[in-house]
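Okay, so here's the structure we're looking at.
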């Protein structure tokens with residue numbers, strides 16, 4: 001069993017790492033749990049009744065978790081998920097701090113155990129009975145391609161969110177022939193990696209101008225999503241037909 005016990009960034013980064021572990025577990029037939037994903041698990045139907053967001057080659061463990069969840073109310077489930085998330089997070093961080101080398105039963109995968117492409121350097125680490133992860137940007141590109149359909153099925157958002165996404169896209173497509181999704185990510189990008197990926201609004205507008213010029217005979221609209229309030233930028237983007245995203249992280253992601 002592999003337990004993704006330490007969150008790998010925010011939603012986007014966590015989805016990437018989780019997807020690769022899911023595909024790897026499908027390929028090699030082991031049980032995968034991701035209590036670190038509990039903050040976002042509520043958005044996905046697959047994990048609705050799972051206390052530790054389990055993916056298994058057999059559905060027996062998943063059904064057992066679902067039966068336990070049915071005995072609890074929503075507040076109880078949320079409480080247990082939160083406790084388990086913090087517990088495994090603290091355990092993996094503690095093991096990393098003491099430079100734990102593992103034994104025959106319990107292993108710890110850290111960034112130092114990965115190759116440059118994100119694959120595991122020593123496959124023996126995965127053969128232990130229990131394996132925790134810490135700061136682990138794991139990648140298995142072969143398995144992701146092979147099991148892409150299963151990954152997409154697991155990451156299908158729940159029906160209520162999907163209806164909101166479909167409604168927003170339908171509105172955005174009205175009156176245009178080409179719809180472009182634009183994500184304005186700023187916020188922490190102003191200082192992360194020395195601001196390498198931070199752009200001013202004027203630079204985004206220049207990009208929008210260039211895109212529009214590619215379709216001189218068609219009506220172009222932009223579905224704009226961001227991690228900040230875009231109302232203050234309306235004046236700068238007024239020459240383009242812009243439809244603002246829903247404003248919820250998961251819904252904006254799936255709109256794009």
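The values are calculated or read from the model by the stated rules, or taken from the named source; none is laboratory data. As the structure is a computational prediction, the values presented were derived from the model and not from experiment. FYI the Cβ positions are ideal-geometry reconstructions off the backbone, even for glycines, and counts take in every protein chain you see.
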> Do any residues in the stretch 43-60 that are more than 16 Å from residue 23 (Cβ to Cβ) have Cβ atoms under 6 Å from those of residues that are modelled with pLDDT under 75, where the two are at least six apart or on different chains, and which pairs are they?
Replying inline: 49/66; 49/69; 50/65; 51/65
>> Is it the case, given these coordinates, that residue 94 is over 12 Å from residue 2 (Cβ atoms), modelled with pLDDT of 85 or more and assigned to a helix (DSSP H, G or I)?
In response: yes
>> Out of the residues in the stretch 148-173 meeting the condition of being more than 21 Å from residue 42 (Cβ to Cβ) and outside the structural domain of residue 14 (by TED's automatic domain parsing), tell me which one is surrounded by the most Cβ atoms within 10 Å (Cβ to Cβ).
In response: 172
> Is there a residue being within 16 Å of the chain's Cα centre (by Cα) and more than 27 Å from residue 127 (Cβ to Cβ) anywhere in the stretch 11-23?
Replying inline: yes
> Looking at the stretch 245-256, which of the residues that are touching a helix residue (DSSP H, G or I) at 6+ places or on another chain (Cβ under 6 Å) and assigned to a loop (DSSP other than H, G, I, E, B) is nearest to residue 203 (Cα to Cα)?
Replying inline: 245
> Could you say whether any residue in the stretch 206-219 is touching a residue at least 60 places away in the same chain (Cβ under 8 Å) and either part of a helix (DSSP H, G or I) or closer than 27 Å to residue 250 by Cβ (or both)?
Replying inline: no
> What do you reckon, is residue 196 assigned by TED's automatic domain parsing to the domain that holds residue 165, closer than 29 Å to residue 39 by Cα, without any contact (Cβ under 8 Å) to a residue 12 or more places away in the chain and within 26 Å of the chain's Cα centre (by Cα)?
Replying inline: yes
> In the set 225, 176, 242, which member is part of a loop (DSSP other than H, G, I, E, B), surrounded by 11 or more Cβ atoms within 10 Å (Cβ to Cβ), touching a strand residue (DSSP E or B) at 6+ places or on another chain (Cβ under 9 Å) and not assigned by TED's automatic domain parsing to the domain that holds residue 27?
Replying inline: 176
>> Quick check on residue 234: is it touching a strand residue (DSSP E or B) at 6+ places or on another chain (Cβ under 9 Å), outside the structural domain of residue 39 (by TED's automatic domain parsing) and surrounded by fewer than 16 Cβ atoms within 10 Å (Cβ to Cβ)?
In response: yes
>> Conditions first: (1) in a helix (DSSP H, G or I); (2) crowded, with 17+ Cβ neighbours inside 10 Å. Residue 139 passes all but one, so which condition is the exception?
In response: (1)
